[in-house]
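K.L.:
Sharing a structure below in C-alpha cells format, with a few things to ask.
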Amino acid sequence: MDSVISLEQVSKNLGDHEILKSISFAVEPGDIFGYLGPNGAGKTTTIKVILGLLKPDSGRAFVMGKDVSEDEARQKVGFVLEADGLYDNLTGYDNLDYYAQIYGVPRAHARSKIKELLERVGLGDRADDKVARYSKGMRQKLALARAMVHDPDLLILDEPTAGVDPSGQIEVREIILDMAHNLGKTIFLSSHNLDEVQRICNRIALIDKGKIKLYGELEKLRREVGRREVIIETVVNPRLDSILAELRALPYIEDCRREGHTIHLTLDTSADTSEIVARLLDSGVKVEEVRKGEATLEEIYAKAVNEEG
C-alpha cells in the first residue's frame, strides 16, 4: 500500500531564503504523525507543499500515491490550519453545510453527515448557535468537523490545540484519537506541544533549520536515546554514598546520581549492567529492580535541536 504522505528530497526557497533543504519522510496509513520543530524551522512551508499550495523547487511530494499538484490528491485531504476557516455570522450547522456544498457532498447525504459530525465533536446541542458565540475550544472542535465533512483519508492539523484551555485541549485530543482509531483516518499533526505529541503520536519527524533531524517510531526513538541510562532501585543502605563514589570511578560510567534509594547511571557503550549489579550486591546493597531508561520526547527534541551546536 502507498504511503499516505511521501516527501522525496523536497527543497523550497522563498526569495533568497532556503526554507526546506532536501527533506524526506513518509506518513503511513493509520499513523498519528507528529511534525515538530522550532519556529521558523519549515513546518508551515512543509504543510503548504503537502496541500499543493507551494510547488517544490526540487524533489517530489505525494498524497495517497498521487502528486500533490493533482486534484485527486487534494480531494483526499482535510485540514485545520492557523485560521480555522469558520464564518462567525453562520451557525455551526450552516458552516458545515457551506463546506459540504463546496466539497460536493451529495445533498441527500449532507444533512445526516453534518449532524453525525456535530455529535461526534460534542457540539450537537450548539449546532444552531452562531459561531461568534463559540469559545476557542468550540471553534477548534467545529474546525475538526469541517475538515471531516467530505470524509477525507488524511487530516492535516496545524497546532490544533493552540490557545485552547487545558480542558479543551483534552477534548480536542480525544476527538483526534477518535478520528484515527474509530474512523480510520491518518493524522498529520504539526505541534509545539511536546506533551501532546508524546501522548497521541506513534511516529514523528523533527525539522530544524529546514532539515529533518529525527524521524521514526516514537517509542523506538525514546528507547534509543534513553538506552544508555540504567535505573536501579535499592533498599536502604548506610554505605550507599561511598559505594556510589566507587561506581563513579569506573571508566564506563559517565554519570552517577541518586534520588533517595534510586540510582541513576549513564553508561558508555562498553558498559555491562550485570557487572554493575554484581558490584552492588558484593558491596551489600540489596537491589529490588533494574530497568533501562526511556527518554522523554522533550529530551529527544532538545538533543536533536542542539546537536549541531
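K.L.:
Examine the stretch 232-249 for a residue that is part of a helix (DSSP H, G or I), surrounded by fewer than 19 Cβ atoms within 10 Å (Cβ to Cβ) and touching an Asp or Glu at 6+ places or on another chain (Cβ under 9 Å), and state whether such a residue exists.
P.N.:
The answer is yes; a qualifying residue exists.
K.L.:
Moving on to the next point. Please enumerate the residues belonging to the stretch 185-204 that are within 10 Å of THR161 (Cβ to Cβ) and acidic (Asp, Glu).
P.N.:
Result: GLU196, single match.
K.L.:
Taking the stretch 287-309 as the region of interest, how many residues are under 14 Å from ILE231 (Cα atoms) and out of contact with any helix residue (DSSP H, G or I) (no Cβ under 8 Å at 6 or more places or on another chain)?
P.N.:
3
K.L.:
In addition: Restricted to the stretch 68-90, and to residues that are surrounded by 17 or more Cβ atoms within 10 Å (Cβ to Cβ) and out of contact with any strand residue (DSSP E or B) (no Cβ under 8 Å at 6 or more places or on another chain), which residue is modelled with the highest pLDDT?
P.N.:
If we take residues in the stretch 68-90 being surrounded by 17 or more Cβ atoms within 10 Å (Cβ to Cβ) and out of contact with any strand residue (DSSP E or B) (no Cβ under 8 Å at 6 or more places or on another chain), then LEU86 is modelled with the highest pLDDT.
K.L.:
May I pose another question? Among the residues of the stretch 1-25, which ones are surrounded by 16 or more Cβ atoms within 10 Å (Cβ to Cβ) and within 15 Å of LEU206 (Cβ to Cβ)?
P.N.:
Of everything in the stretch 1-25, those that are surrounded by 16 or more Cβ atoms within 10 Å (Cβ to Cβ) and within 15 Å of LEU206 (Cβ to Cβ) turn out to be LEU7, LEU20, LYS21, ILE23, PHE25.
K.L.:
Do the conditions hold for ASP272, that is, is it buried (at least 18 other Cβ atoms within 10 Å of the Cβ) and either out of contact with any strand residue (DSSP E or B) (no Cβ under 6 Å at 6 or more places or on another chain) or modelled with pLDDT of 85 or more (or both)?
P.N.:
Details: buried (at least 18 other Cβ atoms within 10 Å of the Cβ): no; either out of contact with any strand residue (DSSP E or B) (no Cβ under 6 Å at 6 or more places or on another chain) or modelled with pLDDT of 85 or more (or both): yes.
No: the conditions fail for ASP272.
K.L.:
Another question, if that's okay. Taking the stretch 104-129, which residues are loosely packed, with under 15 Cβ neighbours inside 10 Å and closer than 22 Å to ASP153 by Cα?
P.N.:
Passing the criteria: GLY104, PRO106, ARG107, ALA108, HIS109, ARG111, SER112, LYS115, GLU116, GLU119.
K.L.:
Out of GLY42, GLY65, I need the residue that is out of contact with any helix residue (DSSP H, G or I) (no Cβ under 6 Å at 6 or more places or on another chain), of a type in the set (Gly, Ala, Ser) and buried (at least 22 other Cβ atoms within 10 Å of the Cβ). Which one?
P.N.:
One residue alone meets the criteria, GLY42.
K.L.:
Kindly evaluate ILE207 against the criterion of being outside any helix (DSSP H, G or I) and in the same structural domain as LYS43 (by TED's automatic domain parsing).
P.N.:
On the way: outside any helix (DSSP H, G or I): yes; in the same structural domain as LYS43 (by TED's automatic domain parsing): yes.
Criteria met by ILE207.
K.L.:
Looking at (1) modelled with pLDDT under 95; (2) over 15 Å from the mean Cα position of the chain (by Cα); (3) surrounded by 15 or more Cβ atoms within 10 Å (Cβ to Cβ); (4) among the small types (Gly, Ala, Ser), which is the one condition that is false for SER167?
P.N.:
(3)
K.L.:
Moving to a separate point now. With the structure loaded, tell me whether ILE170 is more than 25 Å from LYS12 (Cα to Cα), among the hydrophobic types (A, V, I, L, M, F, W, C) and without any contact (Cβ under 8 Å) to a residue 24 or more places away in the chain or whether it fails that test.
P.N.:
Values: more than 25 Å from LYS12 (Cα to Cα): yes; among the hydrophobic types (A, V, I, L, M, F, W, C): yes; without any contact (Cβ under 8 Å) to a residue 24 or more places away in the chain: yes.
In short, yes.
K.L.:
Have a look at ASP16, ASP71 and point out the one that is assigned by TED's automatic domain parsing to the domain that holds ILE207, without any contact (Cβ under 8 Å) to a residue 40 or more places away in the chain, within 25 Å of MET179 (Cα to Cα) and out of contact with any helix residue (DSSP H, G or I) (no Cβ under 6 Å at 6 or more places or on another chain). Full working, then the answer.
P.N.:
On the way: ASP16 fails: within 25 Å of MET179 (Cα to Cα).
When all the criteria are applied, what remains is ASP71.
The values are calculated or read from the model by the stated rules, or taken from the named source; none is laboratory data. Computed from a predicted model, the values in this text were never measured in an experiment. With ideal geometry, Cβ positions are generated from the backbone for all residues, glycine too; neighbour counts draw on all protein chains shown.
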